[in-house]
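We did not get these values from a lab; they are worked out from the coordinates using the rules stated. The structure presented is a predicted model; accordingly, all values stated were derived computationally and were not measured. Neighbour counts are summed over all protein chains in view; Cβ atoms, including those assigned to glycine, are modelled from backbone coordinates with ideal geometry.
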């Protein structure tokens, strides 16, 4: 499975999450309620189990926690690889 480059985006507001937008051609099909799909995600070499979900306004989003981002944040470019799980 081929990875892609994307820019981190922080949802505005207090405690806003940071996401990597997933281009449509790399987005796995929704398999769970609310457009959610469990995946194994790799961002800049760090791998963890999570889910992507569909957002009407922003497309498919991968939440990227601080422990994975390291010193990267809103506006920084990352390389992402997604593998659908079960």
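Note on the chain: with a GNM built from Cα contacts shorter than 10 Å, the maximum mean-square fluctuation among 21, 36, 67 falls on 67. Note on the chain: with a GNM built from Cα contacts shorter than 10 Å, the maximum mean-square fluctuation among 65, 28, 14 falls on 14. With helices as the sole contributors, the chain gives -500 deg cm²/dmol at 222 nm; each DSSP H run of n ≥ 4 counts as -39500 (n - 2.57), and the sum is divided by every residue. Across the range 4-84 the C-alpha pair distances fall into 5 Å bins from zero in the proportions 3, 15, 30, 27, 17, 7, 0 percent. Mean-square fluctuations from a GNM of the chain, with a 10 angstrom spring cutoff on Cα atoms, peak among 30, 41, 20 at 30. For the range 15-40, the residues whose amide N sits under 11 Å from a probe point set 7 Å from the Cα of residue 85 along the beta carbon direction are 38-40.
From a point 7 Å beyond the Cα of residue 74 in the direction of its Cβ, which residues of the range 19-53 have a backbone N at a distance under 15 Å? 19-21, by backbone N distance to the label point.
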